[in-house]
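*Asks:* Please find one structure pasted underneath; my questions will follow.
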Amino acid sequence: MPRRLPIYLLLDCSESMVGEPLKSVELGVNQMLSSLRKNPYALETAFISVITFAAKAKVAQPLRELIEVRPPTLALRPGTCLGAALDLLAGSIKNDVVKTTDREKGDFRPLAFILTDGQPTDDWEKAAKKIKEIKPKLANIYAIGCGDEVNFQILAQIADSCVHVNELDQDSLSKLFVWLTASVQSSIASPDDPLSLEKIPLEKGMELVSPDRLPQLQTTNKRLFFHLKCRNTRKNYLMRYKLSPNSSIYQAEDAFPLPDDFFSDGALKAPPVDSSKFSGSVNCPYCGGPSWVMCSCGQLCCLDPPIQAGRQIVCPACERVLTLGIPGSGGDFSVGGSVG
Ligand SMILES: [Zn+2]
Ligand SMILES: [Zn+2]
């Protein structure tokens, strides 16, 4: 039997990946698998596993030979439990990788790629220690941070090399997967040497992150996410606000329906933000309600016309009757959002 090269992909499915980014990653993995399948040596050598992480981490694809790997469907969830994902990685490597003995050569040392757009929301340090302990069994871990809210200070403590992808759009992510595929192809060509990222030309919009000059983490979040409930369908949705350039105001940007089981893994709260800091609204993706209100229970819900003072509506979470005030006269309040 030919020696196997185990490759682990750790994919961030946190809510900040909602919409285009998550779809682009799904598509990217799919395309990567198809191009690798055209390489006869990859078909013999490459074994792939996919670990997803958000509120929890999960082995979405156990380690299998290329031909048996199914492109994973990525499920959006709150939170970024990178620590839990590293725990699973350490456990998988212990279980999966065949050791070299006197009688036979075992597997090549595995590679792991972490793809994330934010910062861990769990205890990543304990898991990072576990990874260090099994490090002799592992060739290298590569961290790919996408967008401008990546915590490279943390990633640099986990990974051997870090790459920054500047934008989170479809174009940048599809280029990232072209590069990732080339990196995997190169590892398959010389599985005894840990992949040297300097050798793989970077695509436009990507750069290697030098450990001596780690990008500073932004102190202001560029994007905020609010969880809302449609009053008419009781379904959940997510509204994204984006910080306007050169100001402290967040502008409503997009709204996304959430799967019914979105919160089943436990939601994470972020510090409340003053309501005067955001502007505009995006229509409810279910009923088209053009605005939203917050109940005193903390639930945000969509608001359909007529939007006029004195109208009574029922909170879809706590069933309390709310009376709409005069728009703009209610004073400021704080809204609990999250940073994904
Ligand atoms: Zn609605
Ligand atoms: Zn309520």
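*Asks:* Only residues that are within 20 Å of Asn39 (Cα to Cα) and of a type in the set (A, V, I, L, M, F, W, C): list them for the stretch 184-204, please.
*Replies:* Val184, Ile188, Ala189, Leu195, Ile200
*Asks:* Do you know which residues across the stretch 203-213 are surrounded by fewer than 17 Cβ atoms within 10 Å (Cβ to Cβ) and in a loop (DSSP other than H, G, I, E, B)?
*Replies:* If we filter the stretch 203-213 for residues that are surrounded by fewer than 17 Cβ atoms within 10 Å (Cβ to Cβ), which is where we start, we get 204-205, 207-208, 210-213.
Correct list: Lys204, Gly205, Ser210, Pro211, Asp212, Arg213.
*Asks:* Determine whether the stretch 258-268 contains at least one residue that is away from ligand 2 (no atom under 16 Å from the Cβ), at pLDDT 90 or above and more than 19 Å from Leu324 (Cβ to Cβ).
*Replies:* Yes: the stretch 258-268 contains one or more residues that are away from ligand 2 (no atom under 16 Å from the Cβ), at pLDDT 90 or above and more than 19 Å from Leu324 (Cβ to Cβ).
*Asks:* Here is a follow-up. Does any residue of the stretch 171-188 turn out to be assigned by TED's automatic domain parsing to the domain that holds Cys315, open to solvent by 20 Å² or more (accessible area, probe 1.4 Å) and in contact with an Asp or Glu (Cβ under 8 Å, 6 or more places away or on another chain)?
*Replies:* No, that holds for no residue.
*Asks:* At least 2 residues that are open to solvent by 10 Å² or more (accessible area, probe 1.4 Å) and modelled with pLDDT of 95 or more in each: list the strands (runs of 3 or more DSSP E) lying fully within the stretch 1-95 that qualify.
*Replies:* Here the list reads 46-53, 57-65.
The values are calculated or read from the model by the stated rules, or taken from the named source; none is laboratory data. These figures come from a predicted structure and were not determined experimentally. So basically every Cβ, Gly included, is an ideal-geometry build from the backbone, and we count neighbours across all protein chains shown. When the accessible area is computed, the model is the full protein with side chains, heavy atoms only, and any ligands, DNA or RNA have been set aside. Shrake-Rupley method; radii C 1.70, N 1.55, O 1.52, S 1.80 Å.
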